[in-house]
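**Student:** Supplied in structure tokens, the structure appears directly below.
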Amino acid sequence: MSVFLISFFGSIVAALLVSWIRRHKNPDPTPANSNKTAEFSRSKTIIFSSACVLVSWLCMVVFLIAVFLPSFGIESNIVLATSLISFFVMAIIYLLTSFQLKCTNCQKRVFFQISENPPFSIKFKGLTGWSSIVLQVLLMNSFTCMHCGKKHSIKSNA
Ligand SMILES: [Zn+2]
């Protein structure tokens, strides 16, 4: 039970920390082509949602490492349990928050990818589709809708 609580609150704190860092890292940008860029209304939610994805990816990495620890004689049951629970907690929060995140132009959900190659998906840091948008949100102050190609700016201190 305590493992569950630690995973649950630990992962939420980690996601909040990532989104806090993300929001305080960059000053408000002035988009170069602001006439083509729409400001995204739910900046806080999309940053938090993306942070949850990032933490869930980290949990997966920790889980995969923990799988191999016993072969080096290291007990890893608690690490396996916490990383797995944290992963599911983050995935659920991500799914719940991403329901609210719609493109202001096409009204489609920005993280919901139906086809393998969405028409306006941008390759960013080697990723495409929804995972590319996660990194765009966290690393840049903007993202491009993969459904319609509309560019959205995200307020840093929203
Ligand atoms: Zn769109």
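The values are calculated or read from the model by the stated rules, or taken from the named source; none is laboratory data. Remember, predicted model here, so these are calculated numbers, not experimental data. With ideal geometry, Cβ positions are generated from the backbone for all residues, glycine too; neighbour counts draw on all protein chains shown.
**Student:** Given the structure, is Ile74 assigned to a loop (DSSP other than H, G, I, E, B), modelled with pLDDT under 95 and within 15 Å of the ligand (Cβ to nearest atom)? Steps first, answer last, please.
**Tutor:** Values: assigned to a loop (DSSP other than H, G, I, E, B): yes; modelled with pLDDT under 95: yes; within 15 Å of the ligand (Cβ to nearest atom): no.
No.
**Student:** If I filter region 43-57 for residues that are of a type in the set (Lys, Arg), in a helix (DSSP H, G or I) and away from the ligand (no atom under 16 Å from the Cβ), do I get at least one hit? First the steps, then the outcome.
**Tutor:** Just the residues of region 43-57 that are of a type in the set (Lys, Arg), to begin with: 44.
Checking which are in a helix (DSSP H, G or I) leaves us with 44.
If we keep only those that are away from the ligand (no atom under 16 Å from the Cβ) as well, we get 44.
Checking region 43-57: at least one residue is of a type in the set (Lys, Arg), in a helix (DSSP H, G or I) and away from the ligand (no atom under 16 Å from the Cβ).
**Student:** Next up: Just the residues that are of a type in the set (A, V, I, L, M), in a loop (DSSP other than H, G, I, E, B) and either surrounded by fewer than 17 Cβ atoms within 10 Å (Cβ to Cβ) or more than 13 Å from the ligand (Cβ to nearest atom) (or both), please, taken from region 97-143. First the steps, then the outcome.
**Tutor:** So in region 97-143, the residues of a type in the set (A, V, I, L, M) come out as 101, 110, 114, 122, 127, 133-135, 137-140.
Subset that is in a loop (DSSP other than H, G, I, E, B): 101, 110, 114, 122, 140.
Ile114, Met140, listed by residue number.
**Student:** Would you be able to say whether some residue in region 62-70 is surrounded by 17 or more Cβ atoms within 10 Å (Cβ to Cβ), modelled with pLDDT under 95 and of a type outside the set (A, V, I, L, M, F, W, C)?
**Tutor:** Among the residues of region 62-70, not one is surrounded by 17 or more Cβ atoms within 10 Å (Cβ to Cβ), modelled with pLDDT under 95 and of a type outside the set (A, V, I, L, M, F, W, C), which makes the answer no.
**Student:** Across region 149-158, what is the number of residues that are closer than 17 Å to Arg42 by Cβ and either more than 16 Å from the ligand (Cβ to nearest atom) or in a loop (DSSP other than H, G, I, E, B) (or both)? Break it down into steps so the answer makes sense when it comes.
**Tutor:** At the first step, the residues of region 149-158 found to be closer than 17 Å to Arg42 by Cβ are 150-158.
From what is left, the residues that are either more than 16 Å from the ligand (Cβ to nearest atom) or in a loop (DSSP other than H, G, I, E, B) (or both) are 150, 154-158.
The total comes to 6.
**Student:** I've got another one for you. What pairs come up if the first residue lies in region 136-154 and is farther than 10 Å from Thr37 by Cβ, the second is near the ligand (Cβ under 8 Å from one of its atoms) and basic (Lys, Arg), and their beta carbons are under 9 Å apart, counting only those six or more places apart or on different chains?
**Tutor:** Cys145/Lys108; Met146/Lys108; His147/Lys108; Cys148/Lys108
**Student:** When only residues in region 109-158 that are at negative phi and among the charged types (D, E, K, R) count, which is modelled with the lowest pLDDT? Before you say what the answer is, go through the steps one by one.
**Tutor:** Here is the first cut: in region 109-158, the residues at negative phi are 109-124, 127-128, 130-148, 150-158.
With among the charged types (D, E, K, R) added as a condition, the list becomes 109, 116, 123, 150-151, 155.
Details: Arg109: 95, Glu116: 86, Lys123: 93, Lys150: 95, Lys151: 95, Lys155: 82.
It comes out as Lys155.
**Student:** Could you list, in sequence order, the residues of region 82-96 that are surrounded by 20 or more Cβ atoms within 10 Å (Cβ to Cβ) and not hydroxyl-bearing (Ser, Thr, Tyr)?
**Tutor:** Taking region 82-96 first, the residues surrounded by 20 or more Cβ atoms within 10 Å (Cβ to Cβ) are 82-83, 86-87, 89-90, 93-94.
Within region 82-96, Phe87, Val89, Met90, Ile93 qualify.
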